[in-house]
Structures are given as structure tokens and as C-alpha cells.
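See below for the structure under consideration.
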Protein chains: 2
Amino acid sequence: MLVVKLGGTEGVDFDAIVQDVAALHRAGEKLVLVHGGSAEANALGEALGYPPRFVTSPSGFTSRYTDRRTLEIFLMAVRGKVNGLLVEQLQRAGINAVGLSGLDGRILQARRKGAIKIVENGKRKVLRGDYTGKITNVNVGLLRLLLHEGYMPVLAPLAVSEKGEALNVDADRAAAMVAAALGADTLILLTAAPGLLRAFPDESTLIRRMSAAELDQAMDYAKNRMKKKVLAAREALEGGVQRVIMADGRVAEPIRRALAGQGTTIQR
Amino acid sequence: MLVVKLGGTEGVDFDAIVQDVAALHRAGEKLVLVHGGSAEANALGEALGYPPRFVTSPSGFTSRYTDRRTLEIFLMAVRGKVNGLLVEQLQRAGINAVGLSGLDGRILQARRKGAIKIVENGKRKVLRGDYTGKITNVNVGLLRLLLHEGYMPVLAPLAVSEKGEALNVDADRAAAMVAAALGADTLILLTAAPGLLRAFPDESTLIRRMSAAELDQAMDYAKNRMKKKVLAAREALEGGVQRVIMADGRVAEPIRRALAGQGTTIQR
């Protein structure tokens, strides 16, 4: 069992990923795909005159402030378009994909943050009305049912709160939770870089292998989005996933390359 | 087994429908919902500077010309937003809804039209590059699987071509095909009118009961969107559905009222 997280439409080669997924699928591999879509959501927000607002937490993480209107834009861009086009491409490649978000069938249950702490111009503030969440539970029953019947689940990073509200969640961490809940052997996080770099952006400093114990240290040199991937890797490994591979999503056969040792492999 | 078709967000009372669906669900009724979303797609197209283009067929039906960009707008508005918000409302009401489009799991398989014949300024023309389709088959297996496990499928009117392309399909006729394929007893088509009117728009001319044989005649007085509902009703009845009810979606308890004899009931 393999869980693959890919980005939205930017920075990764959708076609190459789909061809690779199709080859693995024909070889009998069971796969679940989780995707992002921030770039599409940003572009749609801009086009609709409602650009995204990014906020920084006191611990230095950047995230999208998701008010109700932003959540609707996210539904359209990520659940509607990115997920839909990915399912279409898989269908064209002969794979019977089923696009779902974590809202559907309560696949991803999350705790709504509601109020988030941010740092703005050096000052701490609290922002209310946020529709983001932290995943607390995965409905593996529905995923297993689909996999058992030969469908390939394709998951958009939305979740459902205890009250039934739709929430925006981080796609890397969603993939980690899904991989752990399914008892997947491997989680592959595809990205627009060859893997984790010791001295970003120098690609010659790629780390080929590391242990779970070294992940704490990795937070020091992981830059930008890679910080969340490091967090996701830790959550997956703590959840029982055997290995996490951060690998290049811009190349041909990205998944098979990752499985063959390209990228950064983090062993449990 | 009951299939209910509701509109997009305009003209029907979403809240009332969801409350009604929840009550029926708690009473043990198995339901599948199919929705539209044209108004949302139109609004999104307008907002993005890409308004819809409506065309008229030689037999007088009006439909949306769906080029590739329009298909993406349709994915965003209908599969992303309308379907997503409906699933969210159902989840808030305690129903474990699963939003799907006909593209997912090949639930609705269709023949792509590709080129469509239209009449414009009195002249016949052929328009190419159209992504609409006519449904040829329903994957009831996936719907039954979900129903059996206690999920409520909520279907967006998209289908998949033999080549795996996403296609825009008519929601009323999609609901008819789904009802027939599932062997549903009843198909309810909710609309922004009390039912089928003999002299539109005079609501006092509501037809309460009619037989399937009278549907041909109904094509003469059905106006606008009601023509497609008449077609859908015929397809459902020919497919084995026991009765089709065209009923008001703007009132409280719209489904239970329809089942109790409000609206236009067409018996097989």
C-alpha cells in the first residue's frame, strides 16, 4: 500500500505522475493519492477579486487564513477543478479513480481551530472565523471499501469538523494521517525539489537517507513548505508508516524513481 | 429507494430540503440526491469574464455550449461548490453524505456529443469542441456499495466519456437514469414551481396526476426547463421507475409533501 501526495498544478508534472500511477496500478499496487491546490486557489481568489491572506504563526509556519468566502474558493479550485482534472486524467489513463474530499463520508475528521494566533508586524494577534482544522481521525473504512473494489481514491485536502463544517487542512499532513491510518508501507511526498536539502537551495546538498530521529534537526534547515513536509513525515512515521520519501515531482516516473532510492528516504 | 433531484442554489430551499432528507434518512429511507448548478456556473463564468453561451437545438432545446474552459468553470462551480456545500449541510444535519460526480468511479458513462447542431438567427450551424454528453450507462455497483454502508450519495451532473473525458450532462436526465438503474420506486424532480402547469405560468392550472402515456402531449405545454423534466420523467418511467413527481422545491418539507401527493404525479 502506497500513499502519494502531489502538489496542485504548479511545480509538479501531472502527466508524468499519472502515467507512473497507471503503470504501478497495472502492476497490482494499491495506491491512494492526496493532492494540494494552493496555487489554483490563489489564482481563483485573485481572479475573483478576493486574494488569499497568508498569516504566520508564532512558531513560524505560514498558512492561508480561511474565512467563509475563502473556503468556498478553496472548494471550487481544489475540490472542483484540481481534483476533477486529476480524476479525469486518471480515467483517461484507464484508472477508475474516485475523487473525494475529506468532507465526503467523513474521511478526514478534524478539530476546527476557529481562532488562530498570528504574528503581524512583530505583534501577536488572534484571528477569528477561520475554517482550517487539525485532523484527528481518518475514516479508513470507506477508503478500504473503495480500494477493495478496485477504485483509486483521490483525496482533496478538506476535512469535516465535529459539527459537520467543511475545513481546509494541510495536504502533506493529510497524506501522512491517511498513510498511517491505512497502515501504508510508504508515503511519498512529491515536491518541486529533488528532496530535502541541507543547504537550500543548493541541490547538491540533497540528503539521501535519514532516520526518524534526525527529523527534529531537519526542522532547522527545512525551508518554507518543506517544514510542513518534515512535520508530515514525522507524523506518518510515528503513526506506523515504514518509510517516507520526499522526492522530485518534476521528473519522468517520479514515483518509481522515489521507490528506487531517489530523493530523501526517511526510515522508521 | 428514492432519488431526488434538486436545483442548484437558486429557486429551491436548500435548508428545507436538507431537513426533509434528514427526517426521511432517520426513518430508514434510502436516498440518492442529484443536483444541478447552472446558476452557480453562470455566475462564476460572469465573474471570471467568461460568461456562458447558450445555444438552441433544431428541436427547440436550450443548452449550455461547453468548451474546455466552460467545463473547468462547471467543475469548480458545480462539483466544487454546489456539491461541496450540499454535502456540508447534510453533514451538519448528521447525514454521512458522499459527494461524487458522474466522472468519479465512472458512475455516469456518456457518449460525448463533440459536435452539436444549433440554430442561430434562424440558421442551422454545427458547433465543435463541445464537452457535453448523453448518458448511456450507470455504475450502480458503486452507488449500491455506498448505500449499503450507510452513506448518502450526492451526485453532481458530470459524466465520463468512453475516452475518460469529463462531460457536462443534464441533471434531470441524470437523475432519471440513476433512478432507473437503481430500480428506485420514486423519482422526485424538485423545481421552482408547484409542478407541471397546463397553462404556464398560471399556477391554478397545476396537473395533479397523469399517466406516462400523456407525457407526449405534455411536451406541448411544458415550458423552458420543464421540457427537460418531461423528457427525464419519460426516461425514468420507461426505465422501470414506478412514479415520477414534479414538485415544488421552494416550500417546507418539499419531499414529504411530494410523496403525499402535492405536485404532479406521473404514474407508470
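Of the residues B:Leu108, A:Gln109, B:Gly129, the one whose Cα sits farthest towards the positive end of the charge dipole of the protein assembly as shown is B:Gly129 (charges of +1 on Lys and Arg Cβ, -1 on Asp and Glu Cβ, taken about the Cα centre). Around the Cα centre of the protein assembly as shown, unit charges on the Cβ atoms of Lys, Arg, Asp and Glu (plus for the first two, minus for the last two) sum to a dipole of about 220 debye. Ranked from shortest, the separations from the 7 Å Cα-to-Cβ label point of A:Lys163 to its equivalents in the other copies are 4.7 nm.
Of the residues B:Thr132, B:Thr186, B:Thr205, the one that moves most in a GNM of chain B with alpha-carbon contacts below 10 Å is B:Thr205. Shortest first, A:Arg26 label-point distances to identical copies amount to 5.2 nm, with the label point at 7 Å from Cα along Cα→Cβ.
The stretch B:122-157 and the stretch A:89-108 have Cα centres separated by 15 Å. Measuring between alpha carbons in the structure, the pairs from A:Lys134/B:Lys163; A:Lys229/B:Lys81; B:Lys81/B:Lys223; A:Lys30/A:Lys117 lying more than 31 angstrom apart are A:Lys134/B:Lys163; A:Lys30/A:Lys117. Per residue, the average separation of C-alpha pairs within less than 8 Å and at least 6 apart gives the stretch B:2-267 a relative contact order of 22 percent. Here, the protein assembly as shown yields an orientationally averaged convex hull projection of 24.9 nm² when only Cα atoms define the hull. Taking only the C-alpha atoms of the stretch A:150-268, Rg followed by Dmax gives 14.4, 48 Å. Taking the number of Cβ atoms within 10 Å of each Cβ as an exposure proxy, the fewest-first ranking of A:Phe14, B:Phe54 is B:Phe54, A:Phe14.
Translational diffusion coefficient, Stokes-Einstein: compute it for the stretch A:1-73 using the Kirkwood radius over C-alpha pairs as Rh, at 25 °C and 0.890 mPa s, and state it as an integer in µm² s⁻¹.
D, rounded to a whole number, is 169 µm²/s.
Exposure proxy ranking for B:Asp216, A:Asp248, A:Asp185, based on other Cβ atoms within 10 angstrom of each Cβ and starting from the fewest, stands as B:Asp216, A:Asp185, A:Asp248. Packing here is the average count of other Cβ atoms within 10 Å per residue, and on that basis the peptides A:29-41, A:116-128, highest first, run A:29-41, A:116-128. Toward the positive end of the charge dipole of the stretch A:116-268, with +1 on the Cβ of Lys and Arg and -1 on the Cβ of Asp and Glu, the farthest Cα among A:Ala179, A:Ser161, A:Phe200 is that of A:Phe200. Globularity index of the stretch B:121-178 is 1.47 (Cα radius of gyration / 2.2 N^0.38 Å, N = number of residues). Chain A residue nearest the axis that carries A onto B, by Cβ, with distance in whole Å, is A:Gly80, 1. Each copy carries a label point for A:Val126 at 7 Å from Cα along the beta-carbon vector; from one copy to the others these points are 6.7 nm apart, nearest first.
Residues A:Leu237, B:Leu206, A:Leu44, arranged from fewest to most other Cβ atoms within 10 angstrom of their Cβ, appear as B:Leu206, A:Leu237, A:Leu44.
Each residue of the stretch B:2-267 gets 120 Å³ once the volume of the Cα convex hull is shared out per residue. Between B:Ala16, B:Ala39, B:Leu71, the Cα set farthest toward the positive side of the dipole of the stretch B:2-267 (charges on each charged residue's Cβ, about the Cα centre) is that of B:Leu71. Computed from the alpha carbon positions, the gyration tensor of the stretch A:27-115 leads to an equivalent ellipsoid with semi-axes of 27, 17, 12 Å, biggest first. What you get for chain B, charging only the Cβ of Lys and Arg (+1) and of Asp and Glu (-1), is a dipole of about 800 debye around the Cα centre.
Any read-out appearing in this document is the output of simple, stated calculations on the displayed coordinates, not a laboratory observation. Source: prediction; values computed, not measured. We place every Cβ from the backbone using ideal geometry, glycine too, and count neighbours over all the protein chains shown.
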